[in-house]
Structure formats: structure tokens, C-alpha cells
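The values are calculated or read from the model by the stated rules, or taken from the named source; none is laboratory data. All values derive from a computational prediction rather than experimental measurement. Heads up, the Cβs are rebuilt from the backbone with ideal geometry, glycines too, and the neighbour counts pull from every protein chain shown.
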Amino acid sequence: MTQLLRVQNFMVSSDGIGAGPDAEQSLENPFGLPVGPETLFAWAGATASWPNRTDPGGSRGLDDYFTRDFSRNIGAEIMGRNKFGPQRGPWQDHEWQGWWGDEPPFHTPVFVLTHHTRPSITLSDTTFHFVSGEPAAVLAQAREAAQGKDVRLGGGVSTVRQFLDADLVDTLHVAVSPVKLGTGLRLWDSPDDLRDRFHLEVVPSPSGVTHHLFWRK
């Protein structure tokens, strides 16, 4: 059975920006954006299937489908170090264990790309492995850990671009919000940049976001 490398529910602005410049990331501003992250995440947070929902209700329909589909058939995740935390350079200590507390939302092995490795850590049912290497080698590790299921490429922007440049991504779902940010880490200049390798369908949602669905030709 084919194991896909999937980008899911990746969120960018109308000008393709998914995070602020590296220097802007901090504990107080994990995405380094000049606006609150809810500007990009509001569509998912409003759905009935949003995992952090504490009140009843929430929207159904297209946005809810993508929120609900996030974990389907995922056996491992790959993320960049900047998604795991704001630190740079050698690890000064091992106290930082990610943004998510004692119950990370992944529920699978997670492979964190870094030039400065550290011992693996396990929180609840998620184990973080800190690995270096070329994208293909890291993907091979993640596929083995996924035990036949697909691998999710979680981001951030630079990590997704790295795997796209290595031609390893099989499917992408990108939710484009109707806000222009101007500066930051850009996934693309235009979604048409990927049409040489991917089919593309563009589906607008009543929430105001536009879902871009790519799959390899």
C-alpha cells in the first residue's frame, strides 16, 4: 500500500504567507505574525470538529470536513524545529517540550527536523524524535514509524518548501484566508507555481477561506 506524504489544513494569507520572519517568533508570538494567529485559524476554530472546542455547536459543511479529516490515516508527522519551539542553535536545556503541554494533539511519532539533535521525549501518546538529514532520509524514518499509514508534513513554511523542492509531497490542502500580510515566510507567490507537478482544485468556503487541493500528477 502506498504511504502518502500529506500536507493538511496548512494556512496562509492571500499573499501566500504562513508565518512571520524567523526573528519575529517568540514565546508570546509563536507564528511571528503581525496579526493574531486566529486571523488564519478562525475558519477551523469555528467548526464543530475543532478539537479544542469547549462549547456546543460549531459550523458543519466543508470547513468541518477538513478539520475532521486532519488525523485520518496518519501514522507519523514531520515538522521543522521552528514549529516545535522558538529556540535557535544548540539546545541550552531540555526543559522545553513544545507548545502543546502534556497532551500534544498528534497521537503519533513526530520527527522534528533540527541541526542540533537531542534525546527523544514522550508526552502521553506522542513521541518526539529530533533528527537531522536530507528530506528523503527523514521521510523514510517517518514512513517506517507510521506502520503503513500516511505521513503528515506539518510545517512550518520552510519545512513544507524543503519537501516540495525535493519533490516528495504527494497531496496538499492549503486554506487561504482573505487577509494580506505583506511580509513573512511565503509558501508561494501564486498557487499556480505548483501546477507543473500537481493537479489543483480551488473550492471557496462560506467562511471566507478558499481551500486549495493539490494532488500529484
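Here are the numbers:
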{"item": "Residue 112 in contact with a helix residue (DSSP H, G or I) (Cβ under 8 Å, 6 or more places away or on another chain), touching a residue at least 40 places away in the same chain (Cβ under 8 Å) and assigned to a strand (DSSP E or B)", "result": "no"}
{"item": "Single condition residue 143 does not satisfy, out of (1) modelled with pLDDT of 95 or more; (2) on the phi > 0 side of the Ramachandran plot", "result": "(2)"}
{"item": "Some residue of the range 57-80 being within 25 Å of residue 184 (Cα to Cα), surrounded by fewer than 14 Cβ atoms within 10 Å (Cβ to Cβ) and not small (Gly, Ala, Ser)", "result": "no"}
{"item": "Of residues in the range 140-165 being small (Gly, Ala, Ser) and in a loop (DSSP other than H, G, I, E, B), the one farthest from residue 209 (Cα to Cα)", "result": "148"}
{"item": "Long-range neighbours under 7 Å by Cβ, at least six apart or interchain, first residue surrounded by 11 or more Cβ atoms within 10 Å (Cβ to Cβ) within the range 190-204, second among the aromatic types (Phe, Trp, Tyr) and not in a loop (DSSP other than H, G, I, E, B)", "result": "194/214; 198/214; 198/215; 199/214; 199/215; 200/214"}
{"item": "Search result, residues across the range 166-217 that are under 16 Å from residue 5 (Cβ atoms), part of a loop (DSSP other than H, G, I, E, B) and either of a type in the set (Gly, Ala, Ser) or touching a Ser or Thr at 6+ places or on another chain (Cβ under 7 Å) (or both)", "result": "166"}
{"item": "Some residue of the range 119-131 being modelled with pLDDT under 95 and in contact with a Lys or Arg (Cβ under 6 Å, 6 or more places away or on another chain)", "result": "no"}
{"item": "Of the criteria (1) at pLDDT 95 or above; (2) closer than 30 Å to residue 205 by Cα; (3) polar (S, T, N, Q); (4) surrounded by fewer than 19 Cβ atoms within 10 Å (Cβ to Cβ), which one residue 159 fails", "result": "(4)"}
{"item": "Breaking point among (1) modelled with pLDDT under 95; (2) buried (at least 19 other Cβ atoms within 10 Å of the Cβ), for residue 183", "result": "(2)"}
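Here is a yes/no grid of residues against (1) farther than 20 Å from residue 169 by Cα; (2) modelled with pLDDT of 90 or more; (3) of a type in the set (A, V, I, L, M, F, W, C):
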site: 39; (1), (2), (3): yes, no, no
site: 47; (1), (2), (3): yes, yes, no
site: 50; (1), (2), (3): yes, yes, yes
site: 59; (1), (2), (3): yes, yes, no
site: 72; (1), (2), (3): no, yes, no
site: 78; (1), (2), (3): no, yes, yes
site: 111; (1), (2), (3): no, yes, yes
